[in-house]
Each structure stands twice: as structure tokens, then as C-alpha cells.
Protein chains: 2
Amino acid sequence: MKFAEKITLCEVGLRDGLQNEKALLSVEDKLSLARAAIASGFPVMELGSFVSPKAVPQMADTDELYRRLGDVPGVELRALIANKRGVERAAACGCRKVKLNVSASRGHNLANLNKTPEESVAGFADCVKAARDAGIAVSGSISMPFGSPWERFTPVEDVRSIVDAYLAVGVEEISLSDASGMAVPTSVYSLFSNMAQAYPNVTWWFHSHNTRGTAMANIIAAMEAGITRMDCSFAGLGGCPFVPGAAGNIASEDVVHMLYEMGVETGIDLDACIATARLAAELTGHGGESYILRAGKSSDLIKK
Amino acid sequence: MKFAEKITLCEVGLRDGLQNEKALLSVEDKLSLARAAIASGFPVMELGSFVSPKAVPQMADTDELYRRLGDVPGVELRALIANKRGVERAAACGCRKVKLNVSASRGHNLANLNKTPEESVAGFADCVKAARDAGIAVSGSISMPFGSPWERFTPVEDVRSIVDAYLAVGVEEISLSDASGMAVPTSVYSLFSNMAQAYPNVTWWFHSHNTRGTAMANIIAAMEAGITRMDCSFAGLGGCPFVPGAAGNIASEDVVHMLYEMGVETGIDLDACIATARLAAELTGHGGESYILRAGKSSDLIKK
């Protein structure tokens, strides 16, 4: 059981966590959460998305959030975009890092967009150019490479072909996202081992959902495959797009606690991370997905 | 990432799950749960405990449960006991396998019983003899070898010394129990690797609690250390003796689902296992700890 001594965590609660909340949070509340997560030591955060405010009203104020937060030295503040309009909004509000996304499922992509995933990624070329021109870094995400409602198991060749398409448009930082919550440790280990070996120069991320209770085990499997960058969401906020009422992203404080107890460095202060999760739970009314918010830290048990 | 192709699971919901429930279940309801779990294919089950009915009223009818269920060919039905009185009750109702338990924590054992763990285990000699005389097999459990509220980390030498004490009284099947929910994958892997190497002839079990969200990752770590026998509890019933309101044992259906998706054989029918969990959730009113009861199987998502 071998893995890196240091793991880089990205707090995605402000994007993937809050976009599932029915009640809209104010920019003030989002600012409080962002500042708390930054103060706890997260080196990377996903602040929101520049997508249609009609489709995702929870993210409509992402521009304002960037403007009010401003640059934070040493912290990468990325946002999800879907097209060139997203790059324009990012440039206008001072966002310096964006993330594109494509479904690994051919069936999904063809049904929704009448394009193969590779055609979708090739179509990102203008986004990437516009972002580069504006001094904005671009990363990419591939959702459901471990399995999707359309294909029971995504062939590894399909994932490689999508990675090639990303590389062809100049995107060399790629996240594999278990949006459908179908990943298990063996599929995570197998796919990431394959990817890390085939593309050693790609900067890999793992975005896990705890839909079927396997996210922590999947994170360990990804670490064993050599992956050192993981997404997580305060208080375990989020959900599965295909399962109403399902559990969300893996809870940040649960991951930070586990890694702390394992002696793996994250650079994040555990108590401050738990305080952020508590704030997120208070603001949304949802904290039940977090084990640490319910049980406390292991060290809390120690008899004085 | 290597492990055995077949894992043996023990359903402990009727003991460790139900003993935490405030409302008492009837013997009829327990029989329904036991029969459902047996029908789903569990090869081992913990039916209850022969301990003081005043201390644990939920388990007071374990004798009656054994009598009404009778022998089930091919299924091992074990019960927890604390002393020789437990052996007598086991013998009287037809129970053929008992489990003893000791805390790995010196501080805990000295505070509660004024004995070291080794002295407690040596004191089990008369239980073991009485059980053997009655044709009853005996296994042993060591709780909190991964850490306890008394000792932050349990020294591996202490665990070895307790194992030696069990072997000295003739007990060669031993469970390591994370009752305090403090285990993480590295501590599980490290301790079980050490134990499996030092005691290759001991039949090892891992009993995991999901108190801090690490149970699934811990199970994978135990598997990687060569352990092939795991406890789990329908609907994730149970709790942490030190944390009121904490999550329970790892949910049987979540473990069976993960192992099924990993291609690891359990001999358990997944749908029947989920049906048992649903029944347990209905009878107790508690099903929220189960991811599969909330989200369904991965294969449920597949578009027809």
C-alpha cells in the first residue's frame, strides 16, 4: 500500500456542492464559505461556473463572487465553463483558470449533443484559444469514465481517445469525474494506472461522488495508482445527477481527517476545515452526509 | 492492488446492529431478518449475544431465536458471550459457535475490570473448556486494536500479546474490531499485514464501523493485507459506543454491492441482500446509513 506523502485537495463545494441546492445562497454567504475554505488552507478551489443562469441559477452570481473575492495569492480559483461565452465572463471578472467538461459516454454525448465526445472536445479549441489570449489557464474534465447510465463500463480506449482530443487542443490538466457514482476501487485503480502510465505528463485529478458509499475507498485506490489531486466538497454537499436524493461529493472534512490520521500531508488545517463544513451545513441545512460533523475527530475521543 | 477473489462476509446486524436500537424487536421480526439474510447467502451470521439481559435487553431473546431458527446447514450462527454463563446458555439453546471479546486498550481494561487484557483472556480458559466439552466452537475478538479513547494508538506489541493470550487458551480464530471508528486504511493495512505474517494459522476477521466514513476504504486495506473475512450489518445499523448518534457498522448491502462491482465473489445474492436491508430499515425505522438503499444499484441506472 504505497502512495504519495502529499495530496493536493480542491474544495468544490461552492460549485458542485451548491449547484444541487434548491435554496439559493447569497453572494455574502458564498464569500464567507470561500474565505473560510481559503483560510483553512485549500490550495485549489472551484468557485462556481460561467454557464447559463437559467439552467443553473445557483451559479448565476459566480462573476460577482470572483469580483468581490479578488485574487488570492497562492490559491488557484477555477470555474467550470461550457463554451466561449464562459471564457468571456471569466476574463471580465478576473477568473484565471477555467475547466471544460465532456461526457465519456458516447451514447450520452450523441443523445444530448449529436456529437461524439471527441468532436465535443475538438469544438473546445476556440475556448482554449480565447482563454489563452486572455491569460486564463484551461483544464478539462471527463465525466463518467468509470461507467455511465448509457454504457455499463466505459472502454479504456474511449477514455484515451478523449484524452488525446484534449491534448490536441492543448489541455494537459485533466480530471476524471465519477459523476454517476458507479466507480469502485478496482475500476479507479485500473483506469488511473492506465492513464498515468500512458500520459505521464498530464496533470490528473480525481473527482469522486459518494453515491454508493465507495468514494473514500476510491480515493485510496486513486492514490495507490499514483494520483495526488482530489476534489472534495464541504459537508459532503452535492448529489448524483441521475439519482434524486443520493449522497453528494465526498465530504472535504472526512477526506482531510482520514489523510491527517494517515499522516498524509494536505496543508489544510483540520479544525478550520471542519468549521467551514459546519458553516456550509448551517447555511444549507444539509450536513448529514458528513461523518466528521456527526462523530467528531478521532482525537476528540481521547481521555484527557 | 491485489486481493483474494472470494471474501467471506458475516452479517452482524442481528447482534451489533440491533443492540443499539432503543425499540426492541420481537423474536418474530428477528426471525424474519435472520431467514432473509440466510436466504440471501450469508455463510456466517452473528445472531445475538448471551450476556446480561439487564445490561443489553435487546439481546435477551437470543436463546429463543436460536431455538426457533434451529440448525441451518452450511451456515455458521455465532453469538457473543462474556463468560461461562454464556456458554451454558449457548449449549442449552443449540448454539454451536461463540465469540469472546476483550479490549485491546490496557487503560480501558484496567479501568473497567482491574485486569490487563492478557489477564482477561487468560480468564476465558474455563469458558473455552466448557464450550469444547459442549461441542461449541470458540472465536475471539479484540476491540480497538487500531486506537481507542484510552490510548491514541494501540502498540502492535500489545495486540500481539493479546493474540498470544488467545492462542494460549486455544482460540485460533480472531476478529480485530474497530469499535471506536478510529481506524484508517494505513493502520488497518499495517496491523493486519503484521498479524497475518506473524500468525499465518490464525483465522482473521475484520469488524469495521463507519463512524468517520473510512470503513469501505478500511475494508479494501484489509483485503490488500490478505484478510478475507469481514463483518457487516444490514442497513448499516449499529453505532459507536463512544459517540451518540454516530453512523453504525458498515452496511452489508453497500459492501456486497461494491464487491459485486469489483468482481469479488461473496456467494451472496445482491438483490436478496438489499431486500433484507430494506426489511431491517422498515422494522427499525433506520435506513439512512445505507447508500444502496438510497441510491440503488449501479446497474439500476443503465438505460434499457
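Summary table
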read-out: Residues of region B:184-216 satisfying the condition of being of a type in the set (A, V, I, L, M, F, W, C), in a loop (DSSP other than H, G, I, E, B) and more than 12 Å from chain A (Cβ to nearest Cβ); value: B:Val202
read-out: Filter result for the condition that a residue is within 25 Å of B:Thr203 (Cα to Cα), more than 11 Å from chain A (Cβ to nearest Cβ) and surrounded by 24 or more Cβ atoms within 10 Å (Cβ to Cβ), over B:Asp254, B:Asp231; value: B:Asp231
read-out: Within region B:7-26, tally of residues that are without any contact (Cβ under 8 Å) to a residue 60 or more places away in the chain and within 12 Å of the chain's Cα centre (by Cα); value: 1
read-out: Every residue from region A:50-76 that is surrounded by 23 or more Cβ atoms within 10 Å (Cβ to Cβ) and over 17 Å from A:Asp29 (Cβ atoms); value: A:Phe50
read-out: Those residues of region A:163-183 which are within 15 Å of B:Met258 (Cα to Cα) and either in a helix (DSSP H, G or I) or in contact (Cβ under 8 Å) with a residue 40 or more places away in the chain (or both), in sequence order; value: A:Asp178, A:Ser180, A:Gly181
read-out: Selected residue [in a loop (DSSP other than H, G, I, E, B) and of a type in the set (Ser, Thr, Tyr)] from A:Ser148, A:Ser141, A:Ser120; value: A:Ser148
read-out: Only one of B:Gly248, B:Gly267 that is in contact (Cβ under 8 Å) with a residue 40 or more places away in the chain and at positive phi; value: B:Gly267
read-out: Number of positions in region A:178-188 that are surrounded by fewer than 24 Cβ atoms within 10 Å (Cβ to Cβ) and within 19 Å of the chain's Cα centre (by Cα); value: 1
read-out: Filter result for A:Glu151 (more than 14 Å from every other protein chain (Cβ to nearest Cβ) and either surrounded by fewer than 23 Cβ atoms within 10 Å (Cβ to Cβ) or within 22 Å of B:Ser299 (Cα to Cα) (or both)); value: no
read-out: Pairs with Cβ under 8 Å, 6+ apart, first in region B:277-304 and under 20 Å from A:Ala183 (Cα atoms) and facing another protein chain (nearest Cβ under 10 Å), second among the charged types (D, E, K, R) and part of a helix (DSSP H, G or I); value: B:Ser290/B:Glu253; B:Ser290/B:Asp254; B:Tyr291/B:Asp254; B:Ile292/B:Glu253; B:Ile292/B:Asp254; B:Ser298/B:Glu261
read-out: Region B:15-36 - residue that is of a type in the set (A, V, I, L, M) and under 9 Å from B:Ala280 (Cβ atoms) and, of those, surrounded by the fewest Cβ atoms within 10 Å (Cβ to Cβ); value: B:Ala36
read-out: Tally of residues being among the charged types (D, E, K, R) and closer than 24 Å to A:Arg15 by Cβ across region A:272-304; value: 3
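FYI, it's all coordinate maths here, none of it is from the lab. Treat the numbers as computed from the prediction; the structure is a model and nothing was measured. Cβ: placed from backbone, ideal geometry, glycine included. Neighbour counts: every protein chain shown.
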